[in-house]
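Encoded as C-alpha cells, the structure appears first; notes follow it.
The values are calculated or read from the model by the stated rules, or taken from the named source; none is laboratory data. What you see is a predicted model; the values in this text were computed from it and never measured. Cβ placement follows ideal geometry from the backbone for every residue including glycine, while neighbour counts extend to all protein chains displayed.
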Amino acid sequence: MNTLIAEGLRKRYGDLHALDGFDLHVPAGVIHGLLGPNGAGKTTAVKALATLINVDEGRASVAGFDVRTQAPQVRRKIGLIGQNAAVDEVLGGRQNLVMFGRLYGLSKADALARANELLGVFGLSEAAGRAVSTYSGGMRRRLDIAAGLILTPAVLFLDEPTTGLDPRARNEVWNSIREVAARGTTVLLTTQYLDEADQLASQISVIDHGRVVAGGSPDALKRQVGGDRVAVTVGIRDSLDEVARQLAPAVVDADTRTVTVSAGLADVVRILDKYEISPEDLQLRRPTLDEAFLALTGDAR
Amino acid sequence: MTTLRAGWILTQRELAHWAREPWGPVFGILFSIMLLLVFGFLFGGAINLPGGGGYIDYLLPGMLALSMMFGVETTATAMANDARKGITDRFRSMPMGSASVAFGRVGADMTNSAFELLVLIVGGLLIGWRITSDPASAALAVLLLLLLRFSVLWIGIFVGLSFRGEGATSAVQVLVWPIGFLSTAIVSAETMPDWLGAIAAWNPLSATATAARQLFGNPTGVTGGVLADGAVWLALAWPLVLTAVFVPLSARAYRKLRA
C-alpha cells in the first residue's frame, strides 16, 4: 500500500515544464528523498501533492485520498514544511503551536497540551515563551516542523528543510526528521544535497527537468555514481610527481599540490605509509551532486 | 462556522502581536496624531473654508476618514508578508475554510482601526474639536467611517494576494498619498481648480469625510454640488460598490494561487 502516489503529473508555467511526467510511489512509514538541483521541479511536486496547486495532467493521491477531488481530506492527513520557516516571528513558540493547533480544530486545552508535548519532543520547552524572532535558524526550523505535526499526519512534506542552516543546526533538524519517521509518519524530503538524502532516506528519487530520472536506495545510487575520492595534499618535502605515480591513476592539481584518486581512504593511507610519504592533508570527497547528475543522467550542467 | 472560528483565531493572533510588540500600532496612531497637529496648527491658520467655520472642526472628520483609507496599507502589507514567509501556504495546506484567512484579516484590521478611530476622536476633542449633533448622528458617522475601512480592507487583501513582491506594498504606500490629498479630507474641493475639484468631489474618501462632517455637525466646506445633498448616501454607496468589486476579485486571487 503506497501512501504517496503520483502518476504522470504535468504542470506548465508558460514555456516551462515544471513537472513533465512526474511519477512517484512511496510506501507508508519511510523517509523518501527527492533529490535534484534548483529548478528541477521538487517544490512544484510537493505543492501538487500538498493540494496547493492544481496540475494540468496526471493524478496523485495521499493516504488514499485524491489530491484534486478530496483536497479537504488530504489536508487532514498532511503537514507541509515549506522552504521558509512558516511560523509567526512576533509570537512565542508555544503561542505559534497553540494557534496552529486551534486552526486544526483542537480545543484551547487540547491545543495547549499538544503544543507542550511537541515543544518537549523538539527540545524547545525552555524557549517556548520567547518570541520566535529570537530563535536560531535551527530552532525556528524545529518549531516549523513541530507545527506540521500537530495532528500526527500520515505524510510530512519537507521542502529543503536544511538549506541555509549551519552544520550544527542541520544535525538538529536531521535528528528531528528521524524522530518524526520513528513515530510512523511517512516523510517526503526534497533536497539538493546528496549527503542529506544519504543520511536520512531509505529510498531516493532523482528529479531533473520535472521528471524522475533515477531511483533506488542511497547505496545503489552511489554505486552508480562511483565511489569516494581521496584528495592528498602533498607537502614541500615530497615530490608531487612521485606521489601521483604511486597512487596512479590520479588527477594532479599542481597549483594546490593536490593528488585526487578514486579509491578507499584505507588503501590510500596504506600506500602513503609504504612509501613513507606524510601528506599535509588528506580529504575524503564524496561525489558531488553535479557528479551524480553526470553519472545518472549523462547530462552535464 | 468553522471558517468564522478560524477567522476569530487569526484575529486573536493580531491581538497577541500588539501585546508582544505594541510599538507598531502605537507609531501608526502617533503618525495620524502628528498629521492632525501639522494640518490643524501649522497649515490650518492659512486655510479659509468656503461657507465659513473653524478649521479644526473641519479637519478632524477628514483626518478620521483619511486614517481609515490609509488602513489599506496595513492590510496589503500584512497579507503580502504572510504570503512571502510561507505562512499563507501553510494555512492553505491545513483543513480550514478558504475564507478563513480573509476573515482573520477583517477581524484584526477592523479591531485595529476601531481603536485608532477612538484615539483620534479623543485626541481631537482634546485639541478643541466639538461634536454639535445628536449621539445617533455621531454614531452613524462612526459607522460610515468603519464602512470605508471595511471596503478598502478588501482592496488590501486583493493587492496582498495578487502581488507578492515588496514592490506592490510600496506602490500602495505611495499611491494613498495623492488619492488621500485629492479629496476633501484636508481642504475643500471648492478651493481647487474646477476640473480638479470635480475629481476630488467624486473621490470615495470625500463622500465619507463630508458625510462625517454633516453628521458630527461640523463645517463641511461644501456650498453646492453632489456632496451638499448626497454625501451620506454616497458614503454608503461608494464602500458598498468597492466591496462588491473587490470581494470577488480577492476570492479569485485566492483561487488563482492554485494555478
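Looking only at residues that are small (Gly, Ala, Ser) and at the interface with chain B (Cβ under 9 Å from one of its Cβ atoms) in the stretch A:92-105, which one is nearest to residue A:3 (Cα to Cα)? Among those that are small (Gly, Ala, Ser) and at the interface with chain B (Cβ under 9 Å from one of its Cβ atoms), it is A:105.
Does residue A:111 count as hydrophobic (A, V, I, L, M, F, W, C), within 10 Å of chain B (Cβ to nearest Cβ) and under 25 Å from the mean Cα position of the chain (by Cα)? Steps first, answer last, please.
Working: hydrophobic (A, V, I, L, M, F, W, C): yes; within 10 Å of chain B (Cβ to nearest Cβ): yes; under 25 Å from the mean Cα position of the chain (by Cα): no.
It is false that residue A:111 is hydrophobic (A, V, I, L, M, F, W, C), within 10 Å of chain B (Cβ to nearest Cβ) and under 25 Å from the mean Cα position of the chain (by Cα).
The residues of the stretch A:73-98 that are surrounded by fewer than 21 Cβ atoms within 10 Å (Cβ to Cβ), farther than 22 Å from residue B:79 by Cβ and either outside the structural domain of residue A:170 (by TED's automatic domain parsing) or touching a residue at least 60 places away in the same chain (Cβ under 8 Å) (or both), listed by number, are A:76, A:77.
A quick yes/no check of all residues on (1) charged (D, E, K, R); (2) within 11 Å of another protein chain (Cβ to nearest Cβ); (3) part of a loop (DSSP other than H, G, I, E, B):
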{"position": "A:46", "(1), (2), (3)": "no, yes, no"}
{"position": "A:51", "(1), (2), (3)": "no, yes, yes"}
{"position": "A:60", "(1), (2), (3)": "no, no, no"}
{"position": "A:69", "(1), (2), (3)": "no, no, yes"}
{"position": "A:72", "(1), (2), (3)": "no, yes, no"}
{"position": "A:87", "(1), (2), (3)": "no, yes, yes"}
{"position": "A:90", "(1), (2), (3)": "no, yes, yes"}
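Could you grab me the full set of residues in the stretch B:128-178 that are among the β-branched types (Val, Ile, Thr), part of a helix (DSSP H, G or I) and surrounded by 16 or more Cβ atoms within 10 Å (Cβ to Cβ)? Passing the criteria: B:142, B:152, B:155, B:157, B:159, B:169, B:172, B:176. Among the numbered conditions (1) away from every other protein chain (no Cβ under 14 Å); (2) out of contact with any Phe, Trp or Tyr (no Cβ under 9 Å at 6 or more places or on another chain); (3) among the small types (Gly, Ala, Ser), the only one that residue B:108 does not meet is (1). Scanning the stretch A:166-208 for residues that are surrounded by fewer than 18 Cβ atoms within 10 Å (Cβ to Cβ), assigned to a loop (DSSP other than H, G, I, E, B) and of a type outside the set (Gly, Ala, Ser) gives A:166, A:183, A:192, A:193.
Please indicate, with yes or no, whether at least one residue in the stretch B:41-53 is small (Gly, Ala, Ser), touching a helix residue (DSSP H, G or I) at 6+ places or on another chain (Cβ under 8 Å) and crowded, with 16+ Cβ neighbours inside 10 Å. Taking every residue of the stretch B:41-53 in turn, at least one turns out to be small (Gly, Ala, Ser), touching a helix residue (DSSP H, G or I) at 6+ places or on another chain (Cβ under 8 Å) and crowded, with 16+ Cβ neighbours inside 10 Å. Kindly establish whether residue A:116 is more than 22 Å from residue B:85 (Cα to Cα), in a helix (DSSP H, G or I) and touching a Gly at 6+ places or on another chain (Cβ under 9 Å). Spelling it out, it is not the case that residue A:116 is more than 22 Å from residue B:85 (Cα to Cα), in a helix (DSSP H, G or I) and touching a Gly at 6+ places or on another chain (Cβ under 9 Å). Among residues of the stretch B:155-181 that are aromatic (Phe, Trp, Tyr), those with a Cβ under 9 angstrom from a residue that is assigned to a loop (DSSP other than H, G, I, E, B) and modelled with pLDDT under 90, sequence gap 6+ or separate chain, pair up as B:181/B:187. Contact map, the stretch B:86-104: first residue more than 8 Å from every other protein chain (Cβ to nearest Cβ) and more than 19 Å from residue B:259 (Cβ to Cβ), second residue buried (at least 22 other Cβ atoms within 10 Å of the Cβ) and at pLDDT below 90, Cβ cut-off under 9 Å, separation 6 or more or different chains; the map is empty. Restricting attention to the stretch A:220-253, the residues that are assigned to a strand (DSSP E or B), in contact with a strand residue (DSSP E or B) (Cβ under 7 Å, 6 or more places away or on another chain) and either surrounded by 15 or more Cβ atoms within 10 Å (Cβ to Cβ) or at pLDDT 80 or above (or both) add up to 6. Could you check the stretch A:119-139 and list, in sequence order, the residues that are assigned to a loop (DSSP other than H, G, I, E, B) and either of a type in the set (D, E, K, R) or within 13 Å of chain B (Cβ to nearest Cβ) (or both)? Selection gives A:126, A:129, A:130. Output yes when any residue across the stretch B:24-34 is in a helix (DSSP H, G or I), farther than 30 Å from residue B:183 by Cβ, within 14 Å of chain A (Cβ to nearest Cβ) and out of contact with any Lys or Arg (no Cβ under 7 Å at 6 or more places or on another chain), and no when none is. No, there is no match, as no residue in the stretch B:24-34 is in a helix (DSSP H, G or I), farther than 30 Å from residue B:183 by Cβ, within 14 Å of chain A (Cβ to nearest Cβ) and out of contact with any Lys or Arg (no Cβ under 7 Å at 6 or more places or on another chain).
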